[in-house]
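The next block holds one structure in the form of structure tokens; read it before the comments.
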Amino acid sequence: MSGAKSQSRPVRHALVVEDSASLRALIAGAVTSLGFEVEAVADSKSAMKAFAHSDPDLLIADVDLGSRPNGVELAHILRSQAPYLGIVFLTHFPTPESAAHNLVLPERSAFVNKSSLTDLSDLERSIESALSDEAEPAVITAGVEVNPLAALTAGQLSVLADIAAGYTNAEIAVRRGSSVRAAERMIVRTFDALGLSDDPAHNPRVMAAMLYARHAGLPPGTAT
């Protein structure tokens, strides 16, 4: 034989983990269009079973899967078995720090706010960043509207999620392991950070819950 055969790029495999069936199908279709073979599942337990037989190059996981392990914990478990695994996190939260709920994101992972997934190029950029040797993760957020939740600390976001879920001040105190007075102070600081404290025409608790639902979605367990 004369000359070498041209080498085609090997097919890459992706594992998509998203508990929303409609969004899972949307993401799986988008990733397939980028040339990946895709397996899509709804939770971490299914993901670990799929990982065992598919050996994916890429994990795309919602941070909050509605059950444990969550997306961040799943990523650490799978990365420990496959150090080469590219990781892309999807979430409604405005920043990686707030999305991780005080958990450490794996190195070389990308972060995509779901509200920015209106352009396939954003998803493709995050995937290629996750699969590269970059030390810093790509952070892709929606650029059209300023997200007021971005100004909040992780603790304030947690309190805001409890408010949006309908918990009272006393219930929030129990959930945080604090006194009611301490919880009330945190709630007031959260309202201040959102610019809701100086508007006598509106109930800041209602406005805060509406902002959370608009920019982060309904908290898990919230009645719809």
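As a proxy for reagent exposure, PHE191, PHE111 were ordered by neighbouring Cβ count within 10 angstrom, fewest first; the result is PHE191, PHE111. When every Cα-Cα distance of region 143-198 is counted in 5 angstrom steps from zero, the calculated P(r) takes the values 4, 21, 30, 23, 13, 5, 3, 1 percent.
Amide H contacts of ILE87 (H built 1.01 Å from N, in plane; Pro and chain starts excluded): LEU59, ALA110 sit under 5 Å, all sequence-distant by 5 or more or on other chains. Other residues whose C-beta falls under 14 angstrom from the C-beta of ASN70 contribute a net charge of -4, scoring Lys and Arg +1 and Asp and Glu -1.
Backbone amide hydrogens, once placed in the peptide plane, bring VAL16 within less than 5 Å of GLU39, ALA40, VAL41, ILE60, excluding anything fewer than 5 places away on its chain.
FYI, it's all coordinate maths here, none of it is from the lab. The structure displayed is predicted, hence computed values, not measured ones. Glycine gets a Cβ as well: all are built from the backbone with ideal geometry, and neighbour counts include every protein chain shown.
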